[in-house]
Amino acid sequence: MALPSTPRLSAPCTATTPADRGLLARARRNEDRRKIELDLTPQGRESIERLIPLAVAKLNVALGDFSAAEFAEFVRLLVKLNTTMQAAVEPAAVPAEA
């Protein structure tokens, strides 16, 4: 099943605000000048650490009505999605049995 196509935004476009706020650092690598690596800055890491408890609280509320079986299926599907996404980005990083 394919999702409807959406406009593609370039990494420089989507990362402008966090980089301008000092949360991300951009770096071009010599191997492929077209690619830009994004790294969290110390300020970005601090922001993530502050946001994690808020996100966990929201998820706990959102998932509160799930039965144990529904939650297990949800986790199974998230793992499958993550494995598929990682294989698309880094094929060598995902074990063959995944």
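Here, each number is a calculation from the coordinates, and none is a lab measurement. Here the structure is a predicted model, which is why all the values come from computation and not from measurement. With ideal geometry, Cβ positions are generated from the backbone for all residues, glycine too; neighbour counts draw on all protein chains shown.
Shown in residue order for region 80-85 are the 3J(HN,Hα) couplings computed by the Karplus curve 6.51 cos²θ - 1.76 cosθ + 1.60 at θ = phi - 60°: 4, 4, 4, 4, 5, 5 Hz (x for Gly and Pro).
Spin-label pair residue 83-residue 63: with each label point 7 Å from Cα along the Cα-Cβ axis, the two points sit 1.8 nm from one another.
Coupling constants for region 34-40 follow from the phi torsions by the Karplus curve (6.51 cos²θ - 1.76 cosθ + 1.60, θ = phi - 60°), and in residue order they are 6, 8, 10, 8, 10, 10, 5 Hz; glycine and proline get x. Residue order for 52, 36, fewest other beta carbons within 10 angstrom first, comes to 52, 36. In order along region 41-58, phi translates into HN-Hα couplings of 7, x, 5, x, 5, 4, 4, 4, 4, 6, 7, 4, x, 5, 5, 4, 4, 5 Hz, rounded to whole numbers, per the Karplus curve 6.51 cos²θ - 1.76 cosθ + 1.60 with θ = phi - 60° and x for Gly and Pro. Computed from the Cβ-Cβ distance with R0 of 30 Å, the FRET efficiency linking residue 33 to residue 90 stands at 0.90. Amide H contacts under 5 Å for residue 41: 24, 25, restricted to partners 5 or more places along the chain or on a different chain, H placed in the peptide plane at 1.01 Å from N.
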